[in-house]
Amino acid sequence: MKTFHRIAVIPGDGIGNEVISEGIKCLKALSEVFENIQFEFRSFPWSSQYYLQHGRMMPEDGLDVLKDFNAIYLGAVGDPRISDDVTLHGLLLPIKFGFDLYVGLRPVYLFNGVESPLAKVSDGEIDIVVIRENTEGEYSNIGGIVGVEESELAIQSGLFTRKGIERIITFAFDYAREKGRKKVTSVTKSNAQRYGMVLWDRIFKEAAARYPEIRTESKLIDAACMDVVRNPGGYDVIVASNLFADILSDLTASVTGGMGLAPGASFNPKDKTYPGFFDPVHGSAPDIVGKGLANPVAAILTARMMLDYLGETEAGDLLYQAVKKNLAEKKVRTIDLGGRSKTDQVGDDIVRILRSL
């Protein structure tokens, strides 16, 4: 019996189309290996170019169009011609907020064959999962700008609810328990942000009491950033607000080989009424567009996370093993990892390995 998965593809801007094409290439290869798995891909041109033509990042009925898909696979967004807040609030946040995709999952791992910029750190010694609260916090877009010139005033507020905090922290502990992880670190800035972050700290303590087998730690964001560099092995699962987890996921990626290896997923673990949203952590990299220099591994690992979300764990595991083998061989890799291969050559090599495993 064949299982069909309908995937909405949004290549987006810059290198998005280049890396997403390699992820789709791998998914199509998997549907040949696992004949019971079939994918239906439908591409949407929603991007900065779409904004320049229509004044919107996606059409007014965009969410209605997307809701009938099983998953959304996005490459990257961002264009120097458009302010970053426009692309974020015009495409990414409406999808996450509109579909209540409150979990942002961003795992990083120091693979065999990849060198960390940190001294004396070997493969396997960094294995961190950053869990991001996706639907409130500092990205809630509450506030405004009034006045002109020297009288101009901007107010920006963060929204923190007990429901929002409790469910993401509970997910972090459940994830740690399910995956056999031993520690959950909460990251806030409650010494300066006395309301939302203090509430977060209190709820974290309440939740921790329900998971006595898991070690816990609470850190301030500045100390956590320093410590991730100084002692990355001291971190296992990190749970943090929308802004702080965004920062930490970039930092953890940088110490495990760079943004070209960092996948990302956004979903609601309790309700699959709406599709999950899967996009690599990296940006659109307009300076290297069309040169074949983009590393597609992050997009391919993101496809693996999408497979897990769709319940295709066996296919996801095979794709993960193919990526690991490609990296360990050190033969076919892009310039960011010290290689000379093009984007599509890396995708081709991972497909080759897939078929040989």
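Annotations
- Condition check for VAL184 on (1) out of contact with any Lys or Arg (no Cβ under 7 Å at 6 or more places or on another chain); (2) within 18 Å of GLU138 (Cα to Cα); (3) hydrophobic (A, V, I, L, M, F, W, C): one failure, at (2).
- Candidates in the range 295-346 are the residues that are among the small types (Gly, Ala, Ser) and closer than 15 Å to ALA265 by Cα; of these, the one that is surrounded by the fewest Cβ atoms within 10 Å (Cβ to Cβ) is GLY311.
- Top-ranked residue of the range 98-146 - restricted to ones that are outside any strand (DSSP E or B) and polar (S, T, N, Q), ranked as farthest from the chain's Cα centre (by Cα): SER122
- Residue within the range 161-174 that is in a loop (DSSP other than H, G, I, E, B) and either small (Gly, Ala, Ser) or at pLDDT 95 or above (or both) present: yes
Every residue, every condition in (1) over 30 Å from ALA328 (Cα atoms); (2) exposed (fewer than 14 other Cβ atoms within 10 Å of the Cβ); (3) not aliphatic (A, V, I, L, M), yes or no:
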site: PHE111; (1), (2), (3): no, no, yes
site: VAL129; (1), (2), (3): no, no, no
site: GLY143; (1), (2), (3): yes, yes, yes
site: VAL146; (1), (2), (3): yes, yes, no
site: ALA154; (1), (2), (3): yes, yes, no
site: ILE168; (1), (2), (3): yes, no, no
site: LYS189; (1), (2), (3): yes, no, yes
site: ALA207; (1), (2), (3): yes, no, no
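- A residue that is among the small types (Gly, Ala, Ser), surrounded by fewer than 17 Cβ atoms within 10 Å (Cβ to Cβ) and out of contact with any Pro (no Cβ under 8 Å at 6 or more places or on another chain) can be found somewhere in the range 116-123.
- Of the helices (runs of 4 or more DSSP H) lying entirely inside the range 14-97, those containing at least 3 residues that are more than 20 Å from the chain's Cα centre (by Cα) span 16-33, 48-54, 62-66.
- Residues that are loosely packed, with under 15 Cβ neighbours inside 10 Å and outside any helix (DSSP H, G or I) do occur in the range 214-222.
- If you check TYR195, TYR211 for being closer than 24 Å to ASN268 by Cβ and surrounded by fewer than 21 Cβ atoms within 10 Å (Cβ to Cβ), only one passes: TYR211.
- Just one of (1) among the aliphatic types (A, V, I, L, M); (2) touching a helix residue (DSSP H, G or I) at 6+ places or on another chain (Cβ under 6 Å); (3) surrounded by fewer than 18 Cβ atoms within 10 Å (Cβ to Cβ) fails for VAL65. It is (2).
- The single condition among (1) part of a loop (DSSP other than H, G, I, E, B); (2) in contact (Cβ under 8 Å) with a residue 12 or more places away in the chain; (3) not charged (D, E, K, R) that GLY339 does not meet is (2).
The values are calculated or read from the model by the stated rules, or taken from the named source; none is laboratory data. These figures come from a predicted structure and were not determined experimentally. Every residue, glycine as well, gets a Cβ built from its backbone with ideal geometry; the counts of neighbours run over all protein chains shown.
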